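Here the structure is laid out as structure tokens; the discussion comes afterwards.
The values are calculated or read from the model by the stated rules, or taken from the named source; none is laboratory data. Keep in mind that what you see is a predicted model, and the values were worked out from it rather than measured. Cβ sites come from the backbone with ideal geometry, for glycine too, and all protein chains shown count toward neighbours. Just so you know, the surface numbers come from the protein's heavy atoms only, side chains and all, with ligands and any DNA or RNA stripped out. Shrake-Rupley method; radii C 1.70, N 1.55, O 1.52, S 1.80 Å.
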Amino acid sequence: MCGNNMSVPLLAEAVTVSGTEKETAAVIFLHGLGDTGHGWADTMAGIRIPHVKYICPHAPRIPVTLNGKMTMPSWFDLKGLSPDAPEDEAGIKGAAESIKEIIDHEVKNGIPPNRILLGGFSQGGALSLYTALTCQHQLAGVVALSCWLPLYKSFPQAACNSGNRDIPILQCHGQIDPLIPVAYGDWTAKKLKEIVNPQKISFRIYPELVHCSCPEEMSDVKEFIEKQLPRI
């Protein structure tokens, strides 16, 4: 293995959970608005698979319109949380390119694209969906928790790799999420089925779950990762 993390800004400070044996696969997991990679790194450690490396980068601190222009960790500016809200197109595309730099770094260091899985929660899940669907590489899959598909009107044209039509997606949502209602998650699942092979999408709803994760959900995430990134 070789390569300099300093050449990829998000990797320089990212929290990494190393595998306990030879790493033959990687999961890049993106946190939500106002958070950091630390909490999700702890969560990933709890569902660790021995041959998988988990990379949890931190979003840059920027002013967020939704929160009165307060500066906080955010992958891109958020102007609203509904399907018809205006979107930060330049910010979303720029953030996706930053995540693709991490993917390219891992590829250069010996992990094939089809052994790299993207995931995220809330805003991080939204970015993981957009990044995977517009990536030149065909990735192993996407874990999209409590989120939505950004710039949905740009698809399917935005999907530059036809192979992405067959990317497996695990979409999870809390039934009583007060921030991103489950109806928005359901709408996102329907939109994804217009872009991706519907048989590749699994949408799971967790009763009594708000805008957070739960043990049942993380068990499903681990099972999905094990299926898409088997030991080789």
Separation between Cα centres of the range 3-56 and the range 86-145, rounded to whole Å
13 Å
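If the range 159-232 were replaced by its equivalent ellipsoid, with semi-axes equal to the square roots of 5 times the Cα gyration tensor eigenvalues, what would those be, largest first, whole Å?
23, 18, 8
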All aspartates and glutamates inside 15 Å of Lys153 as judged from Cα atoms, apart from same-chain residues fewer than 8 positions distant
Asp84, Glu87, Asp88, Glu89, Glu194
The relative contact order of the chain, taking Cα pairs under 8 Å that sit 6 or more residues apart, comes to a percentage of 17 percent
Proximal charge balance of Pro198 [Cβ under 13 Å; K/R count +1, D/E count -1]:
+3
Taking the chain as a Gaussian network, where each spring joins two C-alpha atoms under 10 Å apart, which residue of Leu149, Leu66, Leu78 fluctuates the most?
Leu66
In the chain, which whole DSSP H runs stretch at least 24 Å along their own axis (Cα) and average 0.0 or higher on the Kyte-Doolittle scale?
none
Once R0 is set to 22 Å, what does the formula 1/(1 + (r/R0)^6) return for the Cβ-Cβ distance between Asp84 and Lys193, expressed as a FRET efficiency to the nearest 0.05?
0.65
Mind checking which lysines have their Cα closer than 16 Å to the Cα of Lys53? Skip sequence neighbours fewer than 8 apart in that chain.
Lys22, Lys108, Lys222, Lys227
Most fluctuating of Val52, Val210, Val142 in the GNM of the chain (C-alpha, under 10 Å) is Val210
Hey, what's the chain come to in accessible area per residue, 1.4 Å probe, Å²?
43 Å²
How charged is the neighbourhood of Leu209? Take every other residue with its Cβ under 9 Å from the Cβ of Leu209, and add Lys/Arg as +1 and Asp/Glu as -1.
-4
Go through (1) 0.93; (2) 0.95; (3) 1.08 and flag the label whose value is the computed Rg/Rh (Cα atoms, Kirkwood Rh) for this structure.
(1)
Among DSSP beta bridges whose residues both lie in the chain, state the antiparallel percentage, nearest 5.
25 percent
With 12 Å as the cut-off, how large is the P(r) tail for the range 78-122, expressed as percent of Cα-Cα pairs?
71 percent
Under 5 Å, built H, 5+ apart or other chain: amide partners of Asp88
Lys79
